[in-house]
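Written below as C-alpha cells is the structure these notes are about.
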Amino acid sequence: MFELLTGAGLAVAAGLNAYIPLLILGLAGRFIDFVELPAQWQWLSNEWVLGILGALLVIEIVADKIPVVDSINDWVQLFVRPVAGGIAFGTGSSSGTAVVTDPSQFFTSNAWVPIAVGIVLALATHIGKAVSRPALNVATVGAAAPVVSTVEDVGSVVLSILAILLPVLVIAAIGGVVVGFVVLFRRFRRGGRREPVRAT
C-alpha cells in the first residue's frame, strides 16, 4: 500500500516537473541508507545521470518561468513528464521491483503496469498544468508565470519528499494539487466572463 502511494506521489510530482522526483530519487538512493532503489532503476543514482538531471532541471526551471516560453516548454514536456512519471512510479512501487531478465517477458510479467500507471498520472497532471498556464498568463499579462511555476516546483519537491519519507500523506498532497487546479480553472473561467459595460 505504502509503495503504491510512493509511486503515485512521485508520478504526480513528475507531472509538475519531470526532473525533480527523478533527481530526488537518485540522490536518496545514493546518499540515504534506508532508501534502496530497485535493481533495474539503480542507474538513477549514477553520478553522471544525477549531473544530467541537475542540468536539465536548471533549464526547466528557467524556461517554465518565462511567459510564452513556458507554453512551448509544456509542449516539449508532453512526452518527457509522462515518461518520467512512469519511471518514478516504477521505481517507487513494489510491483516495479521485480527484475525482468528476459525482455520478452516484460508484458506477460505485468512489469509494465506500474510504469503505465505512472505515465497516466503524470500525463493527467501535466495536462492540467499545461491547460491552466496560458489562461493565467493572459489574465495576468504574464506576471503569473514565475509565481505559479515556483509554486509548482515547490509542490513537486514536497510531493517527492513526502512520497519517499511519509507516503501516508501523499493522498492529502495530491488532493491539494487537484483542488489547486480546480480553483485556478474556476477563477479564471469566471474572470473571462465579464459583464458588458452598458452605456448610460
Restricting the stretch 32-46 to residues that are assigned to a helix (DSSP H, G or I) and of a type in the set (Phe, Trp, Tyr), which is modelled with the highest pLDDT? TRP43
What's the total number of residues in the stretch 47-93 that are out of contact with any His (no Cβ under 7 Å at 6 or more places or on another chain), polar (S, T, N, Q) and either at pLDDT 95 or above or not in a loop (DSSP other than H, G, I, E, B) (or both)? 3
Among the candidates LEU165, LEU123, residue that is crowded, with 17+ Cβ neighbours inside 10 Å, under 17 Å from ALA13 (Cα atoms) and at pLDDT 80 or above: LEU123
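Residues checked against (1) within 18 Å of GLU152 (Cα to Cα); (2) polar (S, T, N, Q); (3) within 17 Å of the chain's Cα centre (by Cα); (4) crowded, with 24+ Cβ neighbours inside 10 Å:
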position	(1), (2), (3), (4)
THR6	no, yes, yes, yes
LEU10	yes, no, yes, yes
GLY29	no, no, no, no
VAL35	no, no, no, no
ILE52	no, no, no, no
LEU57	yes, no, yes, no
VAL68	yes, no, no, no
ASN73	yes, yes, yes, no
Considering each residue of the stretch 134-152, count those that are modelled with pLDDT under 90 and touching an Asp or Glu at 6+ places or on another chain (Cβ under 6 Å), and give that number. 1
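The values are calculated or read from the model by the stated rules, or taken from the named source; none is laboratory data. Remember, predicted model here, so these are calculated numbers, not experimental data. Every residue, glycine among them, receives a Cβ derived from its backbone with ideal geometry; neighbour counts consider all protein chains shown.
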